[in-house]
Amino acid sequence: MKYGIILIIAGVLLSAFQAFRNSAFYIPENWPKPVYNFQVNPTTPAGAELGRALFYDPILSRDSTISCASCHSQYTAFTHVDHALSHGIGDSIGTRNSPALMNLAWQSKFMWDGAINHLDMQALAPITHPDEMGESIPAVLTKLQRSELYPAMFRKAFGSREVTGEYLLKALSQFMLTLVSAESKYDSVMRNQAEFTPQEKNGYQLFRKNCEKCHKEPLFSTFEFRNNGLPADTFLNDYGRMKITQNPEDSLLFKIPTLRNIEYSAPYMHDGRYKKIKEVLRHYTSGIEHSQTLAEELQTPVVLTSNETVDITAFLLTLTDKKFLFNPEFSFPQKLFLQKIKK
Amino acid sequence: MRMILFLYCIFLTAIVSPLHAQEAFTLAFHPFFQGEPLENDRFYVTEKGDSVMPETFKIYLSGFEVKGENPGFYYKETESYHLLDLENPASFQFPLRGIPEGLQSGVLHFQLGIDSLTNVSGAMGGALDPSKGMYWTWQSGYINLKLEGISPSNKTRNHEFQFHLGGYLSPFNAVQSVDLPFSGQKTLDVGIDLSVFFRNIELKTQKSIMSPCKDAVYLSGEAAKMFYILNP
């Protein structure tokens, strides 16, 4: 009987320790509660490791040339640097700029137009899109099931060697959820561990006055949809959110992106039309097109002197999180894939 | 220690016994076209006069409930999601587990399609696994009904028609409720008459729906009328 109690206590302690150890995902101090429901998909090291392998494996694409990381590279805040519109198999080109991936547990809608209603469901779109990975979900499952690597990893993560759509998506979510960026200079300043330079400080004040309503701290976005006054590209004819809701009031509305790691996530806007932060700020001060659906927040013009533009830029650069950009736990899982090759 | 074992046994009995106490009540769905059993590779004529050969027919039925006429009789299936697929005839028949005894007559209630809460709850398994070909990939949401086939009336390539009906967001929420009164059976046979679906479709002009929209909601309403109790 005594042994039983000791065993039970040991068990409880061990599982508590495990749960603590498992939290590759974490909620930074003073951040809001995540919207992702972790109860139906609790993150575990095995699940996140599987998700990471899948994220970096071109096996998800029809001709094994494109992985998630092709358009979401860690060193550029998990977006596709140098490409305004993202690329897919056979050099095909999509219609939108791939978004930077970070702090996804705090977002409930995905894609520039919010077409996707849950992080789990996001990966279905690029995997099946003919201009991205061009593969069917059943074919992906068959390939993974037949591989030497994956059935064991699925068993470790979900208790079964059977590769299902549910587990594929949940594993990818588990990895993506771990991509938390909250270690920038801005974060240190907020925690009183560092100080802004006078220029950054002035930039921060200007930011709060002019940008904060949409790019709300600490996530630097409300993740809502707005028309930010970009003239529609007459080649792409992309009207954003309206395609999803079929509501004319949503014409030209796009998801407000986070500004975290903006230094590394160029080009900017849904169609990647701007290469430099300078151009983005110029758009807000002098490029706004007044149409019916223009965001309320932009009805009064943003006025900035050229010095103020420089100061805001200095502040935006404090949102760079090098620990995130170079965290080896988010990188290509070299060891795992090398093992596979050696076999 | 003995006490624990004893409690454990009681606990086990409590779990297992309900499964034994009740006999399963089976639902069997039967696809028809104007009263004739639906067969593969066969053309049927719609009320509008179009020849059609249905090739794919997949449909989500969910939220099964039985309201009995005997007072207080009520049953609700847990995890109630079923994908009926013409390619997998076994999927057309399933038991309603744990239904209380003494059911004579009542109303069978279910939904054609997947409710909005499930639609926004992330990746699911079993019948709801997104690899079943009943989930839109470019825009989140379950396809409630997939009906594809051939009709010479279609001027499209290969004369194909494709109806993918779904949508969970207002104003294009396409989920439909179906209520069917029945009496006195252990196996409840439910007919699905596909001709009802085609009653108001002009295949010459309307040959495909692939996203949530007004027509998808309308046709989902028509699809809900396909269900009827055989030999009530």
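The figures follow:
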quantity: Prolate/oblate/rounded call for segment A:41-81, Cα gyration tensor, a/c under 1.5 rounded; calculated: oblate
quantity: With every protein chain in place, segment A:43-174: carbon and sulfur % of accessible area (1.4 Å); calculated: 52
quantity: Gaussian network model of chain A, Cα within-10 Å springs - most flexible of A:134, A:90, A:229; calculated: A:90
quantity: Peptide-level mean, for B:113-124, of C-beta atoms on other protein chains within 10 Å; calculated: 4
quantity: Cα centroid separation, segment A:248-309 to segment B:164-183 (Å); calculated: 41
quantity: Length added when fully stretched, residue A:286-residue A:82, from 0.36 nm per residue minus Cα-Cα; calculated: 70.9 nm
quantity: Highest-fluctuation residue, A:140, A:189, A:163 considered, GNM on chain A with Cα pairs under 10 Å; calculated: A:189
quantity: Eligible aspartates and glutamates near residue B:58 by straight Cα distance, threshold 12 Å, same-chain separation 8 or greater; calculated: B:85, B:87, B:148
quantity: Cα-centre dipole for segment A:185-320 with unit charges at Cβ (Lys and Arg positive, Asp and Glu negative), debye to 20; calculated: 240
quantity: MRE, 222 nm, helices only [DSSP H, n ≥ 4, -39500 (n - 2.57), over chain A, to nearest 500]; calculated: -11000 deg cm²/dmol
quantity: Mean Cα-pair separation over length for segment A:185-320, i.e. relative contact order, pairs under 8 Å, 6 or more apart, %; calculated: 35
quantity: Protection-proxy order for peptides A:212-225, A:259-272, A:56-69, each taking the mean of Cβ atoms within 10 Å per residue, highest first; calculated: A:259-272, A:56-69, A:212-225
quantity: Net +/- balance of residues flanking residue A:30 in space, Cβ distance below 10 Å, scoring K and R +1, D and E -1; calculated: -2
quantity: Dipole axis of the protein assembly as shown (+1 Lys, Arg; -1 Asp, Glu on Cβ), positive-most option in B:188, B:57, A:89; calculated: A:89
quantity: Shielding score for A:166-173, defined as the mean number of other chain Cβ atoms within 10 Å; calculated: 4
quantity: Surface accessible to a 1.4 Å probe, per residue, for the residues of segment A:126-232, Å²; calculated: 44
quantity: The protein assembly as shown - charge dipole about Cα centre, Lys and Arg +1 at Cβ, Asp and Glu -1, debye rounded to 20; calculated: 1600
quantity: Chain A, relative contact order [Cα under 8 Å, separation at least 6], %; calculated: 21
quantity: Reach of residue B:214 by Cα under 17 Å, taken over lysines that are not fewer than 8 positions away in the same chain; calculated: A:243, B:146
quantity: Accessible area of segment A:185-320 belonging to carbon and sulfur atoms, whole % at 1.4 Å probe; calculated: 50
quantity: Sites residue B:101 and residue A:322, calculated FRET efficiency, Cβ-Cβ separation with R0 45 Å, nearest 0.05; calculated: 0.10
quantity: Dipole magnitude (debye, nearest 20) for chain A, charges at Cβ of Lys, Arg, Asp, Glu; calculated: 1200
quantity: Sum of -39500 (n - 2.57) over DSSP H runs of 4+, divided by residues of chain B (222 nm, nearest 500); calculated: -5000 deg cm²/dmol
quantity: Antiparallel bridges, percent of DSSP beta bridges restricted to chain A (to nearest 5); calculated: 75
quantity: Principal-axis tilt of helix B:2-21 within chain B, Cα atoms, nearest 10 degrees; calculated: 40
quantity: Share, in percent, of DSSP beta bridges within the protein assembly as shown that are antiparallel, nearest 5; calculated: 85
quantity: Heavy-atom accessible surface of chain B: percent carbon and sulfur, 1.4 Å; calculated: 55
quantity: Solvent-accessible area buried by B and A, counting both chains, probe 1.4 angstrom, square angstrom; calculated: 1700
quantity: Mean Kyte hydropathy of -1.0 or more with a Cα span along the axis of at least 15 Å, helices from DSSP in chain A; calculated: A:2-22, A:45-56, A:165-177, A:306-317
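The values are calculated or read from the model by the stated rules, or taken from the named source; none is laboratory data. Keep in mind it's a predicted model, so treat the numbers as computed, not measured. Cβ sites come from the backbone with ideal geometry, for glycine too, and all protein chains shown count toward neighbours. Note: areas computed on protein heavy atoms with side chains; ligands, DNA, RNA excluded. Shrake-Rupley method; radii C 1.70, N 1.55, O 1.52, S 1.80 Å.
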